[in-house]
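The values are calculated or read from the model by the stated rules, or taken from the named source; none is laboratory data. Since the structure is predicted, the reported quantities are computational estimates derived from the model, not experimental observations. Virtual Cβ from ideal backbone geometry, glycine too; neighbours counted across all protein chains shown. Ligands, DNA and RNA are excluded from the accessible area calculation, which covers all protein heavy atoms including side chains. Shrake-Rupley method; radii C 1.70, N 1.55, O 1.52, S 1.80 Å.
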Amino acid sequence: MRKILSSLLATVLMITAVAAAVAEITPGRQAELIYLLRQDCGSCHGMRLSGGLGPALLPERMQLWEVNQLAATILQGRPGTPMPPWQPFLTDQEAVWLATQLQQGIQP
Ligand code: HEC
């Protein structure tokens, strides 16, 4: 029972952290991040994120991952593949926010 309670608590804390991360990003920065997604990520993942050199970043595929796994891929890249690390340009919160947008799908 204790184990269940503590894992529940961990989940609640994680969700709260994600929600707080999303709340901290200003609308101006959100617009910049969407621009980055379309321009920079789009150069490899396709203008409509439907795939190119890199795989499609559309919701059906993005929902196969946890938000945190996607954020880690964005921050660290995939060593040995053309997917570069974005850590120099994005905070952890911004990567989580972008991952959330990818899972929800952004307007074309
Ligand atoms: C220079 C080309 C390039 C750029 C720019 C790029 N990616 Fe990628 N990305 C790739 C490639 C290639 C893969 C596939 C890596 C592999 O083989 O596992 C990938 C994989 C991914 C994945 C994992 C997808 C999956 O289902 O396996 C995510 C998420 C992702 N990229 C997000 C982004 C985001 C967000 C940006 C912009 C901030 C970005 N990428 C910019 C080339 C790129």
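Out of Leu57, Leu64, Leu33, Leu37, I need the residue that is hydrophobic (A, V, I, L, M, F, W, C), at negative phi, near the ligand (Cβ under 9 Å from one of its atoms) and loosely packed, with under 14 Cβ neighbours inside 10 Å. Which one? Lay out the reasoning, then the answer.
Working: Leu57 fails: loosely packed, with under 14 Cβ neighbours inside 10 Å; Leu33 fails: loosely packed, with under 14 Cβ neighbours inside 10 Å; Leu37 fails: loosely packed, with under 14 Cβ neighbours inside 10 Å.
Going through Leu57, Leu64, Leu33, Leu37 in turn, just one is hydrophobic (A, V, I, L, M, F, W, C), at negative phi, near the ligand (Cβ under 9 Å from one of its atoms) and loosely packed, with under 14 Cβ neighbours inside 10 Å: Leu64.
Scan the range 72-95 for residues that are in contact (Cβ under 8 Å) with a residue 12 or more places away in the chain and either of a type in the set (D, E, K, R) or open to solvent by less than 20 Å² (accessible area, probe 1.4 Å) (or both) and jot them down.
Leu75, Leu90, Asp92, Glu94, Ala95, listed by residue number.
Of the residues in the range 40-54, how many are in contact (Cβ under 8 Å) with a residue 12 or more places away in the chain and open to solvent by less than 90 Å² (accessible area, probe 1.4 Å)?
Filtering the range 40-54 for residues in contact (Cβ under 8 Å) with a residue 12 or more places away in the chain gives 41, 44-45, 48-49, 53-54.
So of that shortlist, the ones also open to solvent by less than 90 Å² (accessible area, probe 1.4 Å) come out as 41, 44-45, 49, 54.
The total comes to 5.
Specify the residue that is farthest from the ligand (Cβ to nearest atom); the eligible residues are those in the range 40-54 that are part of a helix (DSSP H, G or I) and of a type in the set (Gly, Ala, Ser). Quick ask: steps written out before the conclusion?
Filtering the range 40-54 for residues part of a helix (DSSP H, G or I) gives 40-45.
From the residues that got through so far, the ones that are of a type in the set (Gly, Ala, Ser) too are 42-43.
Values: Gly42: 8, Ser43: 5 Å.
Across the range 40-54, the extreme among qualifying residues is Gly42.
If we scan the range 23-30, do we find a residue that is at pLDDT below 95, part of a helix (DSSP H, G or I) and hydrophobic (A, V, I, L, M, F, W, C)?
Yes - at least one qualifying residue is present in the range 23-30.
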